[in-house]
Amino acid sequence: MPVLEKHIINVRKMAKVAVDFIAETELSGIFDDGNPEQTLIAEYEGANLRSRLDWLTKDRLIILDYKSGGTSSKPESWIRRQLFNMNYDIQAYQYPLMNELTGGPPNAKFIFLVQENKEPYACSLVGAGPSVIESGKKKFRYAL
């Protein structure tokens, strides 16, 4: 995606902070063995579905979804202000389903990498627990 020259310095700073952050977590090394921007297409219950995963590990056990913006990357704040309001819970249900429908394992983990877009560009990891997945499933089924 094209980025205006006046924004590229901040985008590069954000990317460095995010990569350094991941290197200090249990996901260290995730970018060594996987693929970005994976498009998965499948038919499910008569509907044609498409998902675009930000990062999928080679073994297809971890799906990492990047979210930037907002005033706080603190998990509790992000969940309260962004996750459900932006319907990201649907992704938390649909992406692992699509992974499985296209040959991935049934137990893939879905994790959000959340980053603030103002310095110091703080990051956090937010897992999709059972309540998030169940909420996404209900919305997905309704849309289907």
message = How far apart, in nanometres, would the label points at Lys138 and Leu4 be if each is projected 7 angstrom from Cα along the Cα-to-Cβ direction?
response = 4.1
request  = Pop out the ³J(HN,Hα) list for the stretch 49-55 in order, Karplus 6.51 cos²θ - 1.76 cosθ + 1.60 with θ = phi - 60°, rounded to Hz; leave Gly and Pro as x.
outcome  = 10, 9, 9, 10, 7, 5, 8
key: Under Karplus coefficients 6.51, -1.76 and 1.60, residue-wise ³J(HN,Hα) of the stretch 12-27 in Hz, glycine/proline x   = 5, 5, 4, 4, 5, 4, 5, 5, 5, 4, 4, 4, 9, 10, 5, 9
key: the chain, accessible area per residue, ligands and nucleic acids excluded (1.4 Å, Å²)   = 61
query = What's log10 of I(q)/I(0) for the chain at q = 0.12, 0.15, 0.19, 0.22 Å⁻¹, Debye sum over Cα points only, no solvent?
reply = -0.52, -0.80, -1.21, -1.45
key: Of Ser72, Ser28, Ser124, the one that fluctuates the most in a GNM where the chain has Cα springs shorter than 10 Å   = Ser28
query = In a GNM of the chain with a 10 Å cut-off on Cα contacts, which of Met86, Met14, Met98 has the highest mean-square fluctuation?
reply = Met86
task = State the percentage of accessible surface on the chain attributable to carbon and sulfur atoms; use a 1.4 Å probe and exclude ligands, DNA and RNA.
result = 54
request  = Note the full-extension length gain between Phe84 and Ser68 as 0.36 nm times their separation in residues minus their Cα-Cα distance, in nm to one decimal.
outcome  = 4.2 nm
task = Just round it to a whole percent: the fraction of Cα-Cα distances in the stretch 64-144 exceeding 15 Å.
result = 56
key: Ranking by accessible area, most exposed first, for Ser135, Ser73, Ser68 with a 1.4 Å probe   = Ser68, Ser135, Ser73
Check: the chain dipole with +1 on Lys, Arg Cβ and -1 on Asp, Glu Cβ, in debye = 500
request  = Provide the gained length on full extension for the span Ala122 to Phe31, in nm with one decimal, where the gain is 0.36 nm per separating residue minus the Cα-Cα distance.
outcome  = 30.9 nm
key: Amide H contacts under 5 Å for Ser68, placed H, 5+ residues apart   = Gln115
Highest-MSF residue in the chain out of Glu45, Glu134, Glu37 [GNM, Cα springs under 10 Å] = Glu45
remark   = Looking only at lysines whose Cα falls under 24 Å of Lys74's and that sit 8 or more positions away or on another chain, we get Lys13, Lys16, Lys109, Lys118
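The values are calculated or read from the model by the stated rules, or taken from the named source; none is laboratory data. Just so it is clear, the structure is predicted and the values come from calculations on it, not from any experiment. Backbone-built Cβ (ideal geometry, glycine too); neighbour counts: all protein chains shown. The accessibility values were calculated without ligands, DNA or RNA, using every heavy atom of the protein model including side chains. Shrake-Rupley method; radii C 1.70, N 1.55, O 1.52, S 1.80 Å.
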